[in-house]
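The values are calculated or read from the model by the stated rules, or taken from the named source; none is laboratory data. Everything quoted here is computed from the prediction, not taken from an experiment. Cβ coordinates were reconstructed from backbone atoms using ideal geometry, including for glycine residues, and neighbour counts include every protein chain displayed.
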Amino acid sequence: MSRIASKNTKPEIVVRSALHGAGFRFRLHRKDLPGKPDIGLPKYKTVIFIHGCFWHAHKGCKRSNLPKSNLAYWKGKLAKNVQRDRKHKKKLQELGFNIYVIWECQTKKMGPVINKFKRQMLKDA
């Protein structure tokens, strides 16, 4: 698992490119915030997590199937990831941040995701 990239993954790059093209400016991997969000938009007090469907157990997604071997290990591992995500989201909400999660499977068609995000940012501003 040490070879699994945690930063600058393909889904992250796709999202960052789409956000930048839409005119948003952001900071990457904010170490000063709980969970080290993948993208931070200080102007909007918003953070974005780009979650891999498998690693964060995206319910109902075909990419989040459990491996057939060592099932007990993987169930525990992925359950801890989901629990940790919840904890970080709760802390960020307490700090007053808006939190968005973009799933790996959503990065295939970024147009609708970015349009929805833009509408929400304009509404909150």
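Observations
- W103 being surrounded by 13 or more Cβ atoms within 10 Å (Cβ to Cβ), within 28 Å of S17 (Cβ to Cβ), at pLDDT 90 or above and not aliphatic (A, V, I, L, M): yes
- Subset of region 25-36 that is in contact with a helix residue (DSSP H, G or I) (Cβ under 8 Å, 6 or more places away or on another chain) and under 22 Å from K118 (Cβ atoms) - its residue that is surrounded by the most Cβ atoms within 10 Å (Cβ to Cβ): F26
- Those residues of region 9-62 which are among the acidic types (D, E) and closer than 21 Å to K80 by Cβ, in sequence order: D38
- Within region 30-52, no residue that is touching a residue at least 60 places away in the same chain (Cβ under 8 Å) and acidic (D, E) sits with its Cβ atom under 8 Å from a residue that is outside any loop (DSSP other than H, G, I, E, B) and surrounded by 18 or more Cβ atoms within 10 Å (Cβ to Cβ) at 6+ positions apart or across chains.
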